[in-house]
Amino acid sequence: MTLAHFPSGTADIGLDKWPRRLPAQVLRLMPAGDAEERDVLLRLLEIGFLPGEPVQVMARGFPGDDPLAVRVGHTTFALRSHEAALIRVGPLAAVAGHAA
């Protein structure tokens, strides 16, 4: 799957929906809905899912695509789909275009 499979103008999508092996960049994290989600967001920030960081979905579990093997920077982590959904990403080219 490539970006051609996404609607035109897609620049902010959950990491859980991002195509495997397609480089992306973290744009933001979703706001916390409750205390448990806040704890997950803090853990994601602590392990390096910061805006501007390069990220890539390396593999998906079977069955059900859970968990995901996700590389941020030079480190690979296993994330559950609901955790990856909190990380909003965009294509590297789109992010570079916004920085200008």
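The values are calculated or read from the model by the stated rules, or taken from the named source; none is laboratory data. Being a predicted model, the structure only gives us computed values, none of them experimental. Cβ: placed from backbone, ideal geometry, glycine included. Neighbour counts: every protein chain shown.
Some notes on this structure:
- Checked against (1) surrounded by fewer than 16 Cβ atoms within 10 Å (Cβ to Cβ); (2) touching a helix residue (DSSP H, G or I) at 6+ places or on another chain (Cβ under 6 Å), Pro31 passes all but a single condition, namely (2).
- For the range 60-75, the tally of residues that are within 13 Å of Asp16 (Cβ to Cβ) and either acidic (Asp, Glu) or surrounded by 14 or more Cβ atoms within 10 Å (Cβ to Cβ) (or both) stands at 7.
- Restricted to strands (runs of 3 or more DSSP E) entirely inside the chain, those with at least 2 residues that are at pLDDT 90 or above and among the polar types (S, T, N, Q) are 75-79.
- Pair list, Cβ < 8 Å and 6+ apart or interchain, from the range 64-78 residues that are among the acidic types (Asp, Glu) to residues that are assigned to a loop (DSSP other than H, G, I, E, B): Asp66/Arg80
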